[in-house]
Structure formats: C-alpha cells, structure tokens
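One structure below.
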Amino acid sequence: RVIWVDDRPDNNLHERAMLAKLQIEVVTARSTDEALARIQADAQGGEPFDLVLSDWSRPPEGALAAIHLIQTLREAGQTQPVIVYHGEMAAAARQQRAAKLQAAGALGEAVMPAELMALVQRALNP
C-alpha cells in the first residue's frame, strides 16, 4: 500500500495508473496533516502503508513540505520509505534537492516516471 501526498493528485494520474497495474493500492492525501492522520489511522486498523510518495512543495506548507513530512513521520515513529516525485529538471537544483532529501532520510527522488517506478520497486522489494 502506498500513500501519495500531493496537493494536486490529478497531476499523477498516469503514474498512479501504472502502480495500479502492478496491483499496488494508492491512497491520496492533499497535505501532510491529512497524510499523517491517514497513516496513523490505517496502522491502528491493521493496514499500514508500505511506502510514502510526496511532491516537493504544497501550499500552504511551503517549499520544504516534503522535508517536513519526512521529519514528522520519523518523529512519530513511522519508518516507511519515502520517495519524492517532483518536477525540478535543472541538474544543479535537482542535486541540491536530492542532498536535502537524503539528509532528511528519504529513499530517493525522481522526476521521470521510469525513475519513480524503479524507486518504488526498490522500496517494495528490498
């Protein structure tokens, strides 16, 4: 099971369809707070999430929403791998994001669907 945190979930329709074809259930959340509540509720109900996907920023959470999500998950004792799917294509800026995400404890980041699917496979098939 995957929870995908993105304030614009319709931007990921094709990627979510790819995951569904692999029989991976995807639940969406539009904010960090919504995701945390769902992760906690589902874990208590015996249906924990295996992976968290996130975008980089979400209004009104700001430009570091993904970092905040990871930190909050870890503070709450949640250990699922986190992948950030974003649209920063410039190499230098992408490297900066990757370094910040690695320092925060993310599994990785992706900008292309193939990169995302490779990280999902790595996360779910360790």
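Brief remarks follow.
- When restricted to residues that are of a type in the set (D, E, K, R), in contact with a Phe, Trp or Tyr (Cβ under 9 Å, 6 or more places away or on another chain) and under 19 Å from ALA110 (Cα atoms), segment 33-91 contains 2.
- Cβ pairs under 9 Å, 6+ apart, first in segment 94-107 and in contact (Cβ under 8 Å) with a residue 40 or more places away in the chain, second part of a helix (DSSP H, G or I) and open to solvent by 90 Å² or more (accessible area, probe 1.4 Å): ALA106/LYS100
- Conditions (1) of a type in the set (Asp, Glu); (2) more than 20 Å from LEU13 (Cα to Cα); (3) in a helix (DSSP H, G or I): number failed by GLU47: (3)
- Out of LEU51, LEU64, LEU36, sole residue that is closer than 20 Å to PRO113 by Cα and of a type in the set (A, V, I, L, M): LEU51
- Any hit, segment 46-54, residues being on the phi < 0 side of the Ramachandran plot, without any contact (Cβ under 8 Å) to a residue 40 or more places away in the chain and small (Gly, Ala, Ser): no
- Just so you know, in segment 14-31 the residues that are touching a Lys or Arg at 6+ places or on another chain (Cβ under 7 Å) and surrounded by fewer than 20 Cβ atoms within 10 Å (Cβ to Cβ) include one that is farthest from LEU116 (Cα to Cα), and it is SER31.
- Among the residues making up segment 75-117, those that are in a helix (DSSP H, G or I) and either surrounded by 14 or more Cβ atoms within 10 Å (Cβ to Cβ) or within 13 Å of the chain's Cα centre (by Cα) (or both) are ARG94, ARG97, ALA98, LYS100, LEU101, ALA104, GLU115, LEU116, MET117.
- Search result, residues across segment 8-44 that are of a type in the set (Gly, Ala, Ser) and either assigned to a strand (DSSP E or B) or within 16 Å of ALA76 (Cβ to Cβ) (or both): ALA29, SER31, ALA35, ALA37, ALA41, ALA43
The values are calculated or read from the model by the stated rules, or taken from the named source; none is laboratory data. A quick note: this is a predicted structure, and the numbers were derived from the prediction, not measured. Positions of Cβ are backbone-derived with ideal geometry, glycine not excepted, and every protein chain shown enters the neighbour counts. Remember, those area values only see protein heavy atoms, side chains included, never the ligands or the DNA or RNA. Shrake-Rupley method; radii C 1.70, N 1.55, O 1.52, S 1.80 Å.
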